[in-house]
Amino acid sequence: MTNDSLTLFDQAGGLESILLPDGELKFAARFYSPADADRLFQSLLDETGWRHESIHVWGKLRLQPRLTAWIADPGVAYSYSGITMQPGSWTPALSQIRQAVSAATGRPYNSVLLNLYRDQQDSMGWHSDDEAELGRNPAIASLSLGATRTFKLKHKTLAEQKTLSIDLQHGSLLLMAGSTQHHWQHAIAKQTRLIGPRINLTFRQIYC
Ligand SMILES: O=C(O)CCC(=O)C(=O)O
Ligand SMILES: [Mn+2]
């Protein structure tokens with residue numbers, strides 16, 4: 001399934017629903033105009049304290065295939081795959097984006113995870129954002145800037161349910177909500193075609 005064949009409806013606040021069983025997805029292909037997205041991409045690339053973190057995978061410590069940064073309100077901590085992220089503070093650009101994303105999705109967010117995919121070889125393996133501190137049905141708002149990458153979703157138990165692919169282009173916003181994290185996993189695969197850097201921001205509400 002590609003963007004062309006997705007069922008889109010209910011255009012409210014620029015976000016359109018994508019129908020999928022056992023989950024709730026909303027998508028705005030052009031949440032930011034190309035000019036605004038260019039400006040935000042450059043300031044986030046330059047102003048973020050990017051880190052190359054190791055995580056525990058099957059008992060071994062492995063460098064992640066991407067750079068990351070974690071920004072959160074004071075007192076908010078986040079751990080996953082055996083690491084605890086050291087939070088940085090909100091820059092003017094990130095505060096501005098948080099406000100816009102929160103207004104469009106109707107949700108509060110007290111943190112954002114930033115991922116920098118340096119080129120086509122950087123990736124993110126299959127996972128759900130289902131850590132206990134995100135609560136039962138978390139809303140995760142995902143903003144993409146830079147090179148277009150394909151976001152894949154696969155159902156955890158319905159074998160006949162095809163893997164979905166959504167191209168996340170420069171300036172797009174994807175909201176995952178409802179029971180999506182309970183029933184689906186998502187991933188960003190490596191690509192063979194040469195591509196430039198991409199920054200992805202996932203806004204989250206952490207319950208301490
Ligand atoms: O880069 C993306 O689009 C996905 C990022 C993601 O799944 C995450 O940060 O948990
Ligand atoms: Mn995720």
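Treating only the Cβ of Lys, Arg, Asp and Glu as charged (+1, +1, -1, -1), what charge dipole size does the chain show about its Cα centre? Round to the nearest 20 debye.
Working: 20 positive and 19 negative charges, 94 e Å.
It comes to approximately 460 debye.
Can you give the FRET efficiency for R118 and K156, using 1/(1 + (r/R0)^6), R0 = 41 Å, r = Cβ-Cβ distance, to the nearest 0.05? Don't skip to the answer; put the middle values down first.
Numbers: r = 30 Å, r/R0 = 0.72.
For R0 = 41 Å, the calculated efficiency reads 0.85.
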- Magnitude of the charge dipole, segment 113-208, Cβ model with Lys/Arg +1 and Asp/Glu -1, debye to 20: 260
- What is the local net charge at Q42, summed over the other residues whose Cβ is closer than 14 Å to its Cβ (Lys, Arg +1; Asp, Glu -1)? -2
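By the scheme Lys and Arg +1, Asp and Glu -1, what is the net charge of all other residues having a beta-carbon under 9 Å from that of L175? Let's see the in-between values first.
On the way: positive: K26, R107; negative: E24.
Net of charged neighbours comes to +1.
State which stretch of the chain is the longest one without any exposed chymotrypsin sites (Phe, Trp or Tyr not before Pro), exposure meaning a DSSP loop state and at most 14 other Cβ atoms within 10 Å.
Details: sites that count: W58, Y207.
Here the longest segment lacking exposed loop sites spans 59-206.
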- For the residue pair W58 and A93, what label-to-label distance in nm results when each label sits 7 Å from Cα along the Cα-to-beta-carbon direction? 3.7
- Item | Positive dipole terminus of the chain, leading residue within W58, V112, Q161 (C-beta point charges) | W58
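Using the Cα atoms as the points, what is the convex hull volume per residue of segment 94-175 in Å³? Intermediate results must be reported in sequence, preceding the final value.
Values: hull volume 10.4 nm³, N = 82.
That works out to 126 Å³ per residue.
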- Message: With a 10 Å cut-off between alpha carbons and a GNM built on the chain, which of D122, D46, D130 moves the most?
- Response: D46
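How big is the shadow of the Cα convex hull of the chain, averaged over all directions, in nm²?
For the Cα atoms of the chain, the hull's average projected area reads 11.5 nm².
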- Note on the structure: Residues other than Y109 with Cβ under 12 Å of its Cβ, Lys/Arg counted +1 and Asp/Glu -1, net out at +2
- Looking at segment 130-162, which trypsin sites (Lys or Arg not before Pro) are in a loop (DSSP not H, G, I, E or B) and have at most 16 other Cβ atoms within 10 Å? R136, K156, K162
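Here, each number is a calculation from the coordinates, and none is a lab measurement. Small disclaimer: the values here were computed from a predicted structure and weren't measured. Cβ sites come from the backbone with ideal geometry, for glycine too, and all protein chains shown count toward neighbours.
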